[in-house]
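The values are calculated or read from the model by the stated rules, or taken from the named source; none is laboratory data. The structure displayed is predicted, hence computed values, not measured ones. All Cβ positions, glycine included, derive from the backbone under ideal geometry; neighbour counts span all protein chains shown. Just the protein is used for accessible areas: all its heavy atoms, side chains included, with ligands, DNA and RNA removed. Shrake-Rupley method; radii C 1.70, N 1.55, O 1.52, S 1.80 Å.
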Amino acid sequence: MKTPYSPRNQYLVISAIGQNPIELTNALCRACLESRCSVVNSRLTRHEQHSALVVQAGGSWDALARLEVSLPNIAKRENIHLTVVRTEQQDSTEQALPYIVYVNALYRPDILAELCQFFSDQQINLENIAYESYIAPQTQTMMLNATITVTLPITAQISWIRDQFLDFADSLNLDALIEPWRPQLI
């Protein structure tokens, strides 16, 4: 997703892992605020006893420098693991069509890799992946559920890609669907 462009803004992508999701989120959001940076984008997920938080912070170069300097102390004090990368506004990308892929299947450890390989082979970009395995309450069978947002080149023949994907999914015995992305109305 595009962020508002300002020629003065630069960005930090902060990846953090910690045990308490509230403290993790609070510590990083407060650090951004105190450094005069803004949280442009953020995602939090829980993984058993740990949580992972990815924050894209935006601001002027000096605000980001203040934030970078404060992060090691926060990591030590809050007992969190941090990775920080400076990034810039993405150059204008080619126009593309956003599509969403839904997959539900019996769990197999190779399925996510196979899905990624399919999209790579078709030169389709990945934008977002939500993937989880779970035990079906009705049958106690290990299952997986994946939701993947992709972007198709505007020159792509959509019906051909859809047919290729459905053939691919059938070959792996996946219950799958690919359809245009639509904004979620609240």
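Just to be sure, is residue 156 open to solvent by less than 40 Å² (accessible area, probe 1.4 Å) and assigned to a loop (DSSP other than H, G, I, E, B)? Here the answer is yes, as residue 156 does meet what is asked.
Within the stretch 157-171, the set of residues being more than 17 Å from residue 147 (Cα to Cα) and of a type in the set (A, V, I, L, M, F, W, C) comprises 158, 160, 161. Residue 112 falls short on exactly one of the conditions (1) closer than 22 Å to residue 54 by Cβ; (2) part of a strand (DSSP E or B), and that condition is (2). Quick check on the stretch 74-94. Is at least one of its residues surrounded by 15 or more Cβ atoms within 10 Å (Cβ to Cβ), without any contact (Cβ under 8 Å) to a residue 60 or more places away in the chain and under 21 Å from residue 46 (Cα atoms)? Within the stretch 74-94, one or more residues are surrounded by 15 or more Cβ atoms within 10 Å (Cβ to Cβ), without any contact (Cβ under 8 Å) to a residue 60 or more places away in the chain and under 21 Å from residue 46 (Cα atoms). Does residue 100 satisfy the criteria of being aliphatic (A, V, I, L, M), free of Cβ contacts under 8 Å to residues at least 60 places away in the same chain and not in a loop (DSSP other than H, G, I, E, B)? Judged against the criteria, residue 100 is not a match.
If the condition is being open to solvent by less than 50 Å² (accessible area, probe 1.4 Å) and at pLDDT below 95, then the stretch 95-111 contributes only 96. Among the residues of the stretch 15-60, those identified as out of contact with any His (no Cβ under 6 Å at 6 or more places or on another chain), open to solvent by 10 Å² or more (accessible area, probe 1.4 Å) and either aliphatic (A, V, I, L, M) or in the same structural domain as residue 132 (by the TED database) (or both) are 22, 27, 33, 39, 40, 44, 52, 54.
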